[in-house]
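The next block holds one structure in the form of structure tokens; read it before the comments.
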Amino acid sequence: MKVVVASELHFFQAPDGTIWSAGAFNGGYWKRYTNVFSGVIIIARVKRLSEVPKNFVRVDSKKISFINLPDFLGPFDFLIKYYKIKNILIRNLPKDCAYCLQAPGTLSNLVTSLLADFPYGLNVISDPGDAFSPGTNKNIFRWYFRRYYTQHLKKQCLGSSVSSYVTLSALQQKYPPGKDTYAIGVSDAILKTANIRKNPKKYFGRQNNKILYVGTLSQLYKSPEVLIRAIKICKDYQRNYRLTIIGDGKYRKLLERMTEKLGLSKKIKFLGQINDFKQIFKRLDQSDLFVLPSRAEGMPRALIEAMAAGLPAISTSVGGIPEILPKKVLVPPNDPEALAKKIIELLSSPEMLEKNSGLNLQMARKFDSKLLQKKTDRVLRKLKQKTEEYLRKTNSYY
């Protein structure tokens, strides 16, 4: 039996028909499903390219295939292409596979409506209540989308046969599973044992001023602009900090203009998207502090990877972040003043930096992919079992 996964990610098709990703979601990410299922069919937006950029990574393989949907960006573009997308799904949704939907999301909502009483699994990765909170999205209908996606996710969680949440309790409390739902908390991070630093970083006797941010610039829910304003405040306090931003998206130019306007062009460097984890790990190793001032998160992989590199981190008290970082390194979202003060506090104390480096390593070891895969296998086996029971009950299993 194969599993069909509805994903909100964007993919790209080369002239030869192969499918590629601009991010870290290559074939290795989807192999988590093939421990239990014979293959993975990904429902996703796929844009055709005349030439694939060198930094893209291939996704499809013998066990990983796609149901290609027209590429769309934003709710209005989706509405324009709605009937075309719906008809493609009606024609191509298999009836002898299990279904696992990554939620919240526009496509997962549509697929759920088409499945009727067919059992499905959910992978709950974020809170739409936070994702559409003030400042995260400039759409004038943000308030409506916040209510719509929040209500829809609650219904999906109550109706799912199996649910995995990327948090231990944060998302479960806001979006509880149904009475008969098999639910478990398990991160979707990919962290190999070899990528977890053995010993804490050393900070005494050196200049500690290199800050790193890794995250999308396609939306503002990770608040890169708040971090930039915090760096300006640090500069006003005569702190010579250097910020490196890894990530790309439609807001990059706006953020670069903001950097220039604040007189920070020599303090902040934009590196764009980096897909090679070895290169990212190298940047993590060269940095002194990781900062992720998000307005909305589930369980951020970039933060976990930074912790695995033994990097002290500052973040916000949203989503599952308080489950993995001490309260002393958390600040409120949308508060550049508080963020700047916390950055100065940590980078002024080698003792605090080394202590947090050690604490982060201890926590990161709990996200070793071998440990997480065991939990993921349990969830997927339960989904497969419930799907097989349904197919036998309806005499449609073959």
Report task. Please find, within the range 270-319, the residue that is surrounded by the fewest Cβ atoms within 10 Å (Cβ to Cβ) out of those that are of a type in the set (Lys, Arg) and within 20 Å of Arg197 (Cα to Cα). Result -> Lys278
Query raised in the report: Of all residues in the range 356-378 being over 20 Å from Ala313 (Cβ atoms) and basic (Lys, Arg), which is modelled with the highest pLDDT?
Result: Arg378
Query raised in the report: Which one of these is in a loop (DSSP other than H, G, I, E, B), under 24 Å from Tyr241 (Cα atoms) and either without any contact (Cβ under 8 Å) to a residue 60 or more places away in the chain or not hydroxyl-bearing (Ser, Thr, Tyr) (or both): Leu303, Leu325, Leu284?
Result: Leu325
Query raised in the report: Quick check: is even one residue across the range 120-131 outside any loop (DSSP other than H, G, I, E, B), within 20 Å of the chain's Cα centre (by Cα) and not assigned by TED's automatic domain parsing to the domain that holds Ser7?
Result: no
Requested in this report: Consider Lys86 carefully, then state whether it is among the charged types (D, E, K, R), in contact with a helix residue (DSSP H, G or I) (Cβ under 9 Å, 6 or more places away or on another chain), in the same structural domain as Arg147 (by TED's automatic domain parsing) and modelled with pLDDT of 95 or more.
Outcome: yes
**Report entry** Subset tally (residues that are surrounded by fewer than 20 Cβ atoms within 10 Å (Cβ to Cβ) and touching a Leu at 6+ places or on another chain (Cβ under 6 Å)) for the range 30-68
**Finding:** 1
Report task. Kindly indicate the residue of the range 207-242 that is assigned to a loop (DSSP other than H, G, I, E, B) and of a type in the set (Lys, Arg) and also nearest to Glu337 (Cα to Cα) among those meeting that condition. Result -> Arg239
Query raised in the report: When you scan the range 133-180, how many residues do you find that are over 23 Å from Pro332 (Cα atoms), surrounded by fewer than 16 Cβ atoms within 10 Å (Cβ to Cβ) and of a type in the set (Phe, Trp, Tyr)?
Result: 2
Query raised in the report: Restricting attention to the range 212-226, and to residues there that are hydrophobic (A, V, I, L, M, F, W, C) and within 17 Å of Gln273 (Cα to Cα), which single residue is modelled with the lowest pLDDT?
Result: Leu220
Query raised in the report: Using beta carbons and a limit of 8 Å, which pairs, at least six apart or on different chains, have the first residue in the range 59-73 and more than 10 Å from His10 (Cα to Cα) and outside any strand (DSSP E or B) and the second one hydroxyl-bearing (Ser, Thr, Tyr) and at pLDDT below 95?
Result: Val59/Ser21; Lys63/Thr34
Query raised in the report: For the range 243-275, which residues satisfy the criterion of being in a loop (DSSP other than H, G, I, E, B), within 15 Å of Tyr213 (Cβ to Cβ) and more than 20 Å from the chain's Cα centre (by Cα)?
Result: Leu264, Lys267
Requested in this report: Six or more apart or on different chains, Cβ under 9 Å: which pairs go from a residue in the range 162-186 that's farther than 15 Å from Met299 by Cβ to one that's in a strand (DSSP E or B) and of a type in the set (Phe, Trp, Tyr)? Could you list them?
Outcome: Val162/Tyr182; Pro177/Tyr165; Ala183/Tyr165
Query raised in the report: In the set Glu8, Glu51, which member is at pLDDT below 95 and in a strand (DSSP E or B)?
Result: Glu8
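The values are calculated or read from the model by the stated rules, or taken from the named source; none is laboratory data. Keep in mind it's a predicted model, so treat the numbers as computed, not measured. Cβ sites come from the backbone with ideal geometry, for glycine too, and all protein chains shown count toward neighbours.
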